Amino acid sequence: MSITTEPSSSQITSSEVIFPPGNLWSDEPPLESDLHREQIDLLIRLIKWWWRERQDFYASGNLTIYYSPNQKKSEEFRGPDFFVVLNADPQERRSWVVWQEGGKYPNVIVELLSNSTASVDRGLKKDLYQNTWRVPEYFWFHPDTLEFHGFRLMNGTYEEIELTSDGWRWSQQLHLYLGIHERKLRFFTSDGQLVPLPEQTAQQQAEQERQRAEQERQRAEQERQRAEQAETALEQERQRAEQLAQRLRELGLEE
């Protein structure tokens, strides 16, 4: 969410490229609203759960990315609202420091628009992500107005990602659609399924376990009833045999 200017190449000489310590703390301002905080948390939780078996990505939000080669704590940083870096160690970080991460920048960035940041997100940041960071995909979303756009880097220039009939935009980097569901920006699978919340999945699994247990109980009850019916049939056969023997005795046909 932070704002800064980018140094021109003529301002940086090889003698000035002195890399500072990389363990810099994030320096992002408070979020605009509860909607912004909840949306960031939602995207992070969803992608981490969806890729829970993977160990080759880093996802975070409202976290400072330091990228200037002559970094000073007071300049040259940005804090995307949500970003994903592929082929990265998922360990926790104080900030994302480009020169300590092998020069890696985010593969996907989502900015959440607000009245105070929209012009920067649509202009200055878009230019930075396109021309300097070379971010393959950039999306923005306004939690209040639901304005939603997405761009893909094509031949060095952002081109808008086409909307599907459902109003979604495909992310080649994430292999997921991004789209609005119940006024929230959500992920959808390639076959159009909503990526569920972790807690919803836990509830679904619990319900599936309950249903399996109920099915097992019903099968056991059916087996008990079949065994009981077989026992009743056997007893009926025994009684018929006994009645036949008794009748034969009465007729003197059995000793």
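The values are calculated or read from the model by the stated rules, or taken from the named source; none is laboratory data. Since the model is a prediction, treat every value here as computed from it, not as a measurement. Virtual Cβ from ideal backbone geometry, glycine too; neighbours counted across all protein chains shown.
For the range 130-141, what are the residues that are in contact with a helix residue (DSSP H, G or I) (Cβ under 8 Å, 6 or more places away or on another chain) and more than 24 Å from His181 (Cβ to Cβ)?
Listed by number, the list holds a single entry, Val135.
Could you run through the range 82-112 and say how many residues are of a type in the set (A, V, I, L, M) and modelled with pLDDT under 95? Walk me through it before giving the result.
Within the range 82-112, the first condition is being of a type in the set (A, V, I, L, M), and the residues that meet it are 84-86, 88, 97-98, 108-110, 112.
Imposing the further condition that a residue be modelled with pLDDT under 95 reduces the set to 97-98.
Final tally of qualifying residues: 2.
Could you tell me whether any residue of the range 92-106 is in contact (Cβ under 8 Å) with a residue 40 or more places away in the chain, in the same structural domain as Tyr177 (by TED's automatic domain parsing), under 16 Å from the mean Cα position of the chain (by Cα) and more than 22 Å from Phe151 (Cβ to Cβ)?
The answer is no; no qualifying residue exists.
In the list Asp56, Asp144, Asp127, Asp89, which residue meets the criterion of being among the acidic types (Asp, Glu) and closer than 18 Å to Leu176 by Cα?
Values: Asp144 fails: closer than 18 Å to Leu176 by Cα; Asp127 fails: closer than 18 Å to Leu176 by Cα; Asp89 fails: closer than 18 Å to Leu176 by Cα.
When all the criteria are applied, what remains is Asp56.
Going through the range 73-132 one residue at a time, which ones are touching a Gly at 6+ places or on another chain (Cβ under 6 Å) and surrounded by fewer than 17 Cβ atoms within 10 Å (Cβ to Cβ)?
Gln100
Which residues, taken from the range 113-145, are free of Cβ contacts under 8 Å to residues at least 60 places away in the same chain and in contact with a strand residue (DSSP E or B) (Cβ under 6 Å, 6 or more places away or on another chain)?
Listed by number, the residues that qualify are Leu113, Asp121, Tyr129, Gln130, Val135, Pro136, Glu137, Tyr138, Phe139, Trp140.
If you go through the range 192-209 one residue at a time, do you hit one that is under 30 Å from Leu112 (Cα atoms), surrounded by fewer than 10 Cβ atoms within 10 Å (Cβ to Cβ) and at pLDDT 75 or above? Full working, then the answer.
Within the range 192-209, the first condition is being under 30 Å from Leu112 (Cα atoms), and the residues that meet it are 192-203.
Now narrow it down to the ones that are surrounded by fewer than 10 Cβ atoms within 10 Å (Cβ to Cβ): none.
For the range 192-209, residues under 30 Å from Leu112 (Cα atoms), surrounded by fewer than 10 Cβ atoms within 10 Å (Cβ to Cβ) and at pLDDT 75 or above: absent.
Please work out which one of (1) in contact with a helix residue (DSSP H, G or I) (Cβ under 6 Å, 6 or more places away or on another chain); (2) modelled with pLDDT under 90 is the condition Asp27 fails and give its number.
(1)
Report yes if Val110 is in contact with a Phe, Trp or Tyr (Cβ under 9 Å, 6 or more places away or on another chain), of a type in the set (Val, Ile, Thr) and part of a loop (DSSP other than H, G, I, E, B), otherwise no.
Taking the combined requirement at face value, the residue does not satisfy it.
Please specify each residue of the range 50-81 satisfying the condition of being in contact with a Ser or Thr (Cβ under 8 Å, 6 or more places away or on another chain) and modelled with pLDDT of 95 or more.
Correct list: empty.
For residues that are surrounded by fewer than 16 Cβ atoms within 10 Å (Cβ to Cβ) and either of a type in the set (D, E, K, R) or not in a loop (DSSP other than H, G, I, E, B) (or both), tally how many sit in the range 145-179.
Total meeting the criteria: 8.
Out of (1) among the small types (Gly, Ala, Ser); (2) in contact with a Gly (Cβ under 8 Å, 6 or more places away or on another chain); (3) modelled with pLDDT under 85, the odd one out for Ser171 is which?
Here Ser171 clears every test but (3).
Being without any contact (Cβ under 8 Å) to a residue 24 or more places away in the chain and among the aliphatic types (A, V, I, L, M) is the filter here, so list the residues in the range 146-169 that pass it.
Leu153, Met154, Leu163
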